[in-house]
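One structure below.
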Amino acid sequence: VLIQNIGRLVTMEPGHGREGALGVIADAAVLSDGETITWCGPTAELPAESRSGETTAIDAQGGVVMPGLVDCHTHLVHAGSREREFVARARGESYQAIAASGGGILSTVRATREASEDALLEGAQRRALEALRFGTTTIEIKSGYGLDWPTEQKMLRVAKQLTTQVPIRTVRTFLGAHVVPPEFSDRRGAYVEALCTEMIPAVVREALATACDIFVEEGAFSAEDARTIAAAARAQGLAMRLHVDQFHDGDGGVLAAALQAASADHLDCLSAQGVAAMAKAGVVAGLLPAASFFTRCPQRPPVEQLVAAQVPIAIATDYNPGTAPTLDLMLCGTIAITQWGLDPDLALLGMTRIAARALGCESHLGSIGPSKAADLLVLQCKDEYYPLYRFGTPHIRTVIRAGEVVFGE
Ligand SMILES: [Zn+2]
């Protein structure tokens, strides 16, 4: 497959005489042997044999070509929706008050437990296609609306099946430690024990996920619970991710560094010590602008400090039916730029290369170069910043996954 007539090829690999932090090549072409990119560079240097009759050509019409987006934090599989809760919040009720009255996460838990596997798959499929149309070619999917093994297993099986139904790559994460289930409300320790001795070993035995996530927050799990759960997950070979410092400073950055987490996400209340610890340990900061925006979070992540300390920043949707019901990753970038002052280059890197790093697949996803996967977007615009600026609508002409056109022309 030869993509030619590219106005600006945004490789996300700076240097080699390329332009800026995004490594842009003007007037470029990309060649792939199907799944893998074999060559990219200025059109003038295109190898002559690539113009043979056997090559499928895609004309980018002078537009931007960039890597397929990587959404490194979603809760894609669930039943039900929570628009009534959105209305209640708009009328002044707090997230915690809604949760205490049986709404919030627990209402999604009830709906997901009751849903059949087919119904869950149908909903997840619809949303995965939506993500693909927004340019996401790799999506992380967490469990966490079961909080009992049959439902957690059902969710992860659905996420696993999804790749046979929709041309999107998935990375699956076990989030049994999302909230304490109602059956265990007065014996959290027993639930932590069940996570460590029953569920995590089953996740690994059935190859349902490659990572484990924990929501560390007042009303969810403590830092001490996290250490116990992470030890069990590590022993089973799972990577670690954390939801930390969302509503309170729980010293989440320091915890993430100590647990060698691949990423620590939310971070609206991250402390200065947390920033320093994450920088030292190389933990990716997973920022979730849509969740902060949608819940009208009064705090914001310390973006300037993260940048100054050179903590790698990923941007994800946190798609979930309660606090971030969007799969528009570019929109999340716009929010991070306008509300938090994130540099637009860091926003674009954060939804491609750095997001791939958070998922442990930076070696083949999230950037454009020889031996990288041919997951590419052909945009209808001439400038890579245009989709961030002209927010709320996709600007994608073609989505290519593993060298195949999976959306558009
Ligand atoms: Zn989340």
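Here, each number is a calculation from the coordinates, and none is a lab measurement. Just so it is clear, the structure is predicted and the values come from calculations on it, not from any experiment. Counting neighbours? That spans all protein chains shown, and the Cβs are built from the backbone with ideal geometry, glycine included.
Can you list which of the trypsin sites (Lys or Arg not before Pro) found in the stretch 151-258 are DSSP loop residues with at most 16 other C-beta atoms within 10 Å?
Of the trypsin sites (Lys or Arg not before Pro), the ones in loops of the stretch 151-258 whose Cβ has at most 16 other Cβ atoms within 10 Å are Arg187.
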Fully extended contour minus Cα-Cα distance, from Ala207 to Glu83, at 0.36 nm per residue: 41.2 nm
Calculated FRET value between Phe391 and Glu49, using beta carbons and R₀ = 41 Å, to 0.05: 0.45
Cβ-derived FRET efficiency at R0 45 Å, Arg133 paired with Gln260, nearest 0.05: 0.80
Label-to-label distance, nm, for residues given as Asp27 and Arg234 (7 Å Cα→Cβ offset): 5.4 nm
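Any idea what the dipole of the chain comes to, in debye rounded to 20, about its Cα centre with Lys/Arg Cβ at +1 and Asp/Glu Cβ at -1?
So the dipole magnitude of the chain works out to roughly 280 debye.
State the number of lysine pairs found in the chain whose Cα atoms come within less than 24 Å, restricting to pairs 8 or more positions apart or on distinct chains.
Close lysine pairs under the 24 Å cut-off: 4.
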Restricting the stretch 142-221 to GluC sites (Glu not before Pro) in coil, as DSSP defines it, with at most 16 other Cβ within 10 Å: Glu206, Glu218
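Excluding Val192 itself, what net charge comes from residues whose Cβ is under 10 Å from its Cβ, given Lys and Arg +1 and Asp and Glu -1?
-1
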Cα centroid separation, the stretch 350-409 to the stretch 173-221 (Å): 33 Å
Label-to-label distance, nm, for residues given as Thr36 and His364 (7 Å Cα→Cβ offset): 0.8 nm
Fewest-first sequence of Leu69, Leu106, Leu147 by Cβ atoms within 10 Å of each Cβ: Leu106, Leu147, Leu69
Residue (of Cys72, Leu106, Tyr95) at the positive-pole extreme of the stretch 65-117, dipole from beta-carbon charges: Tyr95
Chain lengthening between Asp249 and Gln310 when straightened (0.36 nm per residue, less Cα-Cα): 19.9 nm
222 nm mean residue ellipticity, helices alone, for the chain (DSSP H n ≥ 4; -39,500 (n - 2.57); rounded to 500): -9500 deg cm²/dmol
Least to most buried among Leu331, Leu46 (fewest other Cβ within 10 Å first): Leu46, Leu331
The stretch 1-89: relative contact order as a whole-number percent, Cα under 8 Å and 6+ apart: 34 percent
Distance between the stretch 238-280 and the stretch 287-332 - C-alpha centres, whole angstrom: 14 Å
Arg296 versus Gln380: modelled label distance in nm, points set 7 Å from Cα along the beta carbon direction: 3.4 nm
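Sort 338-344, 359-365 by packing, meaning the average of other beta carbons within 10 Å per residue, with the highest value first. Numbers along the way, then the final one.
Details: 338-344: 16.3, 359-365: 18.1.
Ranked from most to least packed, the peptides come out as 359-365, 338-344.
Which length gain, in nm to one decimal place, applies between Ala57 and Ala90 when the Cα-Cα distance is subtracted from 0.36 nm times their residue separation?
6.9 nm
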